[in-house]
Amino acid sequence: MYERIAVMLMKEFLQLKRDRWAKFRLVVPLLIQMLVFGYAATFTVHHVATTVLDLDRSQASRALVSHFVASSRFQVVDWAQNQAQVTRDINEGRAVIAIVIHAGFAKDLENGQQAPLQVIVDGTNSNTALIALSYISQIVGLFSQDQAPAMLRTAASAAVPAVSISLEPRPWFNDDLNERWFFIPGVIGTITLLQVVSLTAFAVVREREVGTLEQIMVSPIRPVEFILGKTVPFFLIGLGDVALVSAFGILWFRVPFIGSPLVMFAGTVLFLLAAVSLGLLLSTFSRTQQQAFALNFFFVNPLFILSGFAFPIAAMPAWLQGVTVVNPLRYFLVVIRAVFLKGVGFPALWPDLGAMALLASVMLAASILRFHKSLD
Amino acid sequence: MSSGTPAVVVDRLTKRFDEFTAVDGITLTIGRGEVVGFIGPNGAGKSTTLRMLCGLLTPTAGQATVAGYDVAREPEKVRQNIGYMSQKFSLYGDLTVRENLRFFAGIYRVRREDLGSRMDFAIRMAGLEGREDVQVTTLAGGWKQRLALGCAILHRPPILFLDEPTSGVEPEARRRFWDLIHDLAADGVTILVSTHYMDEAEYCNRIALINQGRLIALGTPRELKGSRLGGQLVEIACAPLGKALARMSAAPGVLDAAIFGDKLHVVMAEGGLDLAGLRQALADGGIQVGEARAVRPSLEDVFVRIVTRKQDAPGAAA
């Protein structure tokens, strides 16, 4: 048994060594994706193009606008003269946000009345719009506080003492709510899955296409020997991938790693077993590399979207949440984020580790059953 | 395998793919050390039969034993005893000659102490001395085929199934390949080899002619050429060929007529037209007639003759 697996491994690594592009293909895309995700995948909003229409032209209105200008979140791109110009700015995409201060703003404030402020947001990108709106309410809130002493003075006779409730959010594990910390561990899992699944699937299908698989099938080799010989190399490559991109995330992006390397290793092993099993299973459904490519394409995007990488699973409709149960990436993302940021161990993570182990064994068993040594 | 049992016994072996019958009730027995040629056009069912004998395809009906083991029930036992070369060249092009041999030796678990001598033998047999460390993809067709044969015999199988091993290989290399086949047969290896080159059939001890999934003739090349035609073969140089063919097919006493290259081959029944009568019949049809002479039939003549006879009279015995 070991002799056959040994020669299979030797062959795979020789082929990998001969393939001059392999080293490039295995490493460079990983690092590039890591960089791209690390820098680009962020929900933070900066320098939102803003147009301002100040119809009040008072000291108070100018003070409000200066609050916006002072914040790096907004960048005033146009001082509109009338409502039509505001509409034009938004329609033509010059501005995403319009702040309209109506005449009488300062007077209302002085009288201690509610001073309405109109904010128009281009909702095309609902995500940016929502985030920008939350900044606006923060800024307006600060402005109100600034105005408060003046208001208190004018309303000194008020019988009710002013009670202010202040909410002090205290996020755990990621004090600054740094999105990069959230994304980088996810990227490690995601790109490893993509690479390992496709490498495994293609390696088997290539042998089928070239005809070497037929030559191996007429030998007395056992399916389990062939399958081990064909998956162990990609399992090892996957381990290397995880180590490499994790190191990159920790050293370059300074993502903290506060958990136990042992938990990380256990999670990675189970995850990679699931990944190679999935690749193997896909390969048993493909006769040609084109078919494997199409199948890979069909599976990989849903795996990514339904993993909780960017979109919370809890927010998905129930039936879709049900689908995520068979997604190994879903569990690995929980494990890897927990290990990186929370430092929790086996007691908290065993359900996710167990789910990956179960998925891996089911898929591996299915592919061994499907891999008959016949061409029927 | 005891010396008394035949190497391969095929009994009404049939393979259907959905509606299509690829192999239709083939029956055949091959003795030890025999070289049997599977001859027939592409799609005749040669590869499908060989794949069933290797245990790669499950027979739909009928059975076959190889080295005494049933191919459907004991495919693993069969695989211990056979070497197989598939139609497609199937070695690893990015590995060297030696690495390919080492790989297949490992897959077949050639014992460590035999490894060196077996690999050296395969390298010498394939004429690849000095090229041991060359990547296989850079080798010419003939060398690749001989290396593939070398890989298939590393474990010293008593039976070899070779599926069109010489297709796409230049004539000189084909001849060398057949020398190897005969060397192996001389050592007692049983070989079933398929080809669509009629000239190669002459190198076989026996020939199985296959057409449309059926075994239509079986015998030594001499037997087939001698008895199967049923008349005298005449080769006529004439023009235009198409018109001549039509006229000859309808002529009395002509069993068969076919175009062979730039000449017409006509099989004439005993007691029918003689050569002069034949010339006359063609000339009467306004056909220019050159040389006409009786020739010894080739296997191709036999094959064409048998196939046409079958089509004329469906169900007739071959």
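Ranked by Cβ crowding within 10 angstrom, fewest neighbours first, how are B:THR138, A:THR190, A:THR200 ordered?
By the 10 Å Cβ count, ascending: B:THR138, A:THR190, A:THR200.
For the residue pair A:THR44 and A:ARG62, what label-to-label distance in nm results when each label sits 7 Å from Cα along the Cα-to-beta-carbon direction?
Here the modelled spin labels are 3.2 nm apart.
Given C-alpha coordinates of the range A:48-154, what is the ratio Rg to Rh with the Kirkwood estimate of Rh? Please list the in-between numbers first.
Working: Rg = 13.8 Å, Rh = 14.1 Å.
On the Cα set of the range A:48-154, Rg over Rh gives 0.97.
Using Cα-Cα distances under 8 Å and only pairs 6 or more residues apart, what relative contact order does the range B:1-87 have, in percent?
Working: 142 pairs, mean separation 26.8, N = 87.
Computed over the range B:1-87, the figure is 31 percent.
Considering only DSSP beta bridges whose two residues both sit in the range B:8-219, what percent are antiparallel, to the nearest 5? Don't skip to the answer; put the middle values down first.
On the way: 20 of 38 bridges.
The answer is about 55 percent antiparallel.
Looking at B:GLY261, B:ALA283, B:LEU57, which one has the Cα that reaches farthest to the positive end of the dipole of chain B (charges on Cβ: Lys, Arg +1; Asp, Glu -1)?
Ranked along the dipole, the leading option is B:LEU57.
How much length is gained on full extension from A:LYS23 to A:LEU236, taking 0.36 nm per residue of separation minus their Cα-Cα distance? All intermediate terms of the calculation are to be shown ahead of the outcome.
Working: separation 213, 0.36 × 213 = 76.68 nm, distance 1.41 nm.
Stretched out fully, the A:LYS23 to A:LEU236 stretch lengthens by 75.3 nm.
Where Rh denotes the Kirkwood radius from the mean inverse Cα pair distance, what is Rg over Rh for the range B:200-318?
Numbers: Rg = 14.7 Å, Rh = 14.9 Å.
That ratio is 0.99, to two decimals.
Distance between the C-alpha centers of the range B:170-215 and the range A:298-376? Whole Å please.
Taking the Cα centre of each part, the range B:170-215 and the range A:298-376 sit 54 Å apart.
Tell me what chain A gives for mean residue ellipticity at 222 nm when only DSSP H runs of n ≥ 4 count, each as -39,500 (n - 2.57), the sum divided by the residue total, rounded to 500 deg cm²/dmol.
Details: 14 runs with 241 residues, N = 376.
Rounded to the nearest 500, the figure is -21500 deg cm²/dmol.
On full extension of the chain, what length is gained from A:VAL325 through A:PHE13, given 0.36 nm per residue of separation minus the C-alpha to C-alpha distance?
Details: separation 312, 0.36 × 312 = 112.32 nm, distance 3.43 nm.
Residue separation times 0.36 nm, minus the Cα-Cα distance, leaves 108.9 nm.
Name the aspartates and glutamates eligible as straight-distance cross-link partners of A:LYS17: C-alpha to C-alpha under 19 Å, and not fewer than 8 places from it in the same chain.
A:GLU207, A:ASP241, B:ASP94, B:GLU99, B:GLU132, B:ASP133
Could you work out, residue by residue across B:57-65, how many beta carbons of other chains sit within 10 Å of that residue's beta carbon, and then give the average as an integer?
Values: counts 3, 4, 0, 0, 0, 0, 0, 0, 0.
If you average over the peptide's residues, the count of other-chain Cβ atoms is 1.
Based on the Cβ-Cβ distance from A:ALA348 to A:ALA314, what FRET efficiency comes out when R0 is 22 Å, to the nearest 0.05? Intermediate values should be presented prior to the final figure.
On the way: r = 18 Å, r/R0 = 0.80.
With a Förster radius of 22 Å, E is 0.80.
For A:LYS23, give me every one of the lysines with a C-alpha distance below 28 angstrom, ignoring sequence neighbours fewer than eight places off in its own chain.
A:LYS11, A:LYS230
Before rounding to the nearest 500, sum -39500 (n - 2.57) across all DSSP H runs of length at least 4 in chain B and divide by the residue total; then give [θ] at 222 nm in deg cm²/dmol.
Working: 11 runs with 113 residues, N = 318.
Helix-only estimate at 222 nm: -10500 deg cm²/dmol.
Given an 8 Å cut-off on Cα distances and at least 6 residues of separation, report the relative contact order of chain B as a percent.
Numbers: 601 pairs, mean separation 58.3, N = 318.
Once normalised by length, the contact order is 18 percent.
Which order results if A:ARG208, B:ARG222 are arranged by neighbouring Cβ count within 10 Å, fewest first?
Values: A:ARG208 19, B:ARG222 9.
Going from sparsest to densest Cβ surroundings: B:ARG222, A:ARG208.
For the residue pair B:ARG156 and A:LEU142, what label-to-label distance in nm results when each label sits 7 Å from Cα along the Cα-to-beta-carbon direction?
So the two model labels end up 8.8 nm from each other.
Calculate the dipole size of the protein assembly as shown relative to its Cα centre from +1 charges on Lys and Arg beta carbons and -1 charges on Asp and Glu beta carbons; express the result in debye to the nearest 20.
Numbers: 65 positive and 60 negative charges, 181 e Å.
I would put it at about 860 debye.
If you average over every viewing direction, what projected area does the convex hull of the Cα atoms of chain A give, in nm²? All intermediate terms of the calculation are to be shown ahead of the outcome.
On the way: hull surface 102.2 nm².
For chain A, averaging the hull's shadow over all directions gives 25.6 nm².
Would you mind computing, in nm to one decimal, how far apart the modelled labels at B:ALA239 and B:THR5 are, each placed 7 Å from Cα along Cα→Cβ?
It is 6.1 nm.
From the residues A:VAL210, A:VAL196, A:TYR39, which one has its Cα farthest along the dipole of chain A in the positive direction, the dipole being from +1 and -1 charges on Cβ of Lys/Arg and Asp/Glu about the Cα centre?
It is A:VAL210.
Kyte-Doolittle mean at least 1.0 and Cα extent at least 18 Å along the axis: which DSSP H helices of chain A qualify?
On the way: long enough: A:2-18 (24 Å, -0.01); A:22-40 (27 Å, 1.48); A:126-154 (40 Å, 0.51); A:179-210 (45 Å, 0.89); A:223-251 (42 Å, 1.62); A:261-283 (32 Å, 2.23); A:289-305 (24 Å, 0.87); A:346-370 (35 Å, 1.39).
Span-like helices, by this rule, are A:22-40, A:223-251, A:261-283, A:346-370.
Only counting other Cβ atoms within 10 Å, I'd like B:ASP284, B:ASP256 sorted with the fewest neighbours first.
On the way: B:ASP284 9, B:ASP256 22.
With the fewest neighbours first, B:ASP284, B:ASP256 line up as B:ASP284, B:ASP256.
How long is the protein assembly as shown along each principal axis, judged by its Cα atoms, biggest number first, in Å?
Reported extents, whole Å, longest axis first: 140, 69, 47.
Take the alpha carbon atoms of the range B:15-55, find their center, do the same for the range A:194-238, and report the distance between the two centers in whole angstrom.
Cα centres, the range B:15-55 to the range A:194-238: 29 Å.
Place +1 on the Cβ of every Lys and Arg and -1 on the Cβ of every Asp and Glu in the range A:48-154, take the dipole about the Cα centre, and give the residue among A:THR50, A:TRP79, A:GLN138 whose Cα lies farthest towards its positive end.
Farthest along the dipole direction, towards plus: A:GLN138.
Give the relative contact order (percent, whole number) for the range B:139-248; include only Cα pairs under 8 Å separated by 6+ residues. Show your work: numbers first, answer last.
Working: 83 pairs, mean separation 21.1, N = 110.
Computed over the range B:139-248, the figure is 19 percent.
Return, ordered by residue number, the residues of the range A:118-148 whose backbone nitrogen is under 20 Å from a label point located 7 Å along Cα→Cβ of A:ILE305.
Label zone hits: A:124-128.
For A:ILE32 and A:TYR2, what is the calculated FRET efficiency with R₀ set at 51 Å and r taken between the beta-carbons, to the nearest 0.05? Mind showing how you got there, number by number?
Numbers: r = 38 Å, r/R0 = 0.75.
Efficiency computed from Cβ-Cβ geometry: 0.85.
What longest region of chain B stays clear of GluC sites (Glu not before Pro) that DSSP places outside H, G, I, E and B and that have at most 10 other Cβ atoms within 10 Å? If you can, show how the numbers build up before the last one.
Values: sites that count: B:GLU19, B:GLU129, B:GLU270.
Free of exposed loop sites, the longest segment is B:130-269.
To one decimal place, what orientation-averaged projected area in nm² is obtained for the convex hull of the Cα set of chain B? Write out the running numbers ahead of the final one.
Details: hull surface 75.4 nm².
In nm², the orientation-averaged hull projection of chain B is 18.8.
Every number in this text was worked out from the coordinates using simple rules, so none of it is lab data. No experiment lies behind these values; they were computed from the predicted model shown. Every residue, glycine as well, gets a Cβ built from its backbone with ideal geometry; the counts of neighbours run over all protein chains shown.
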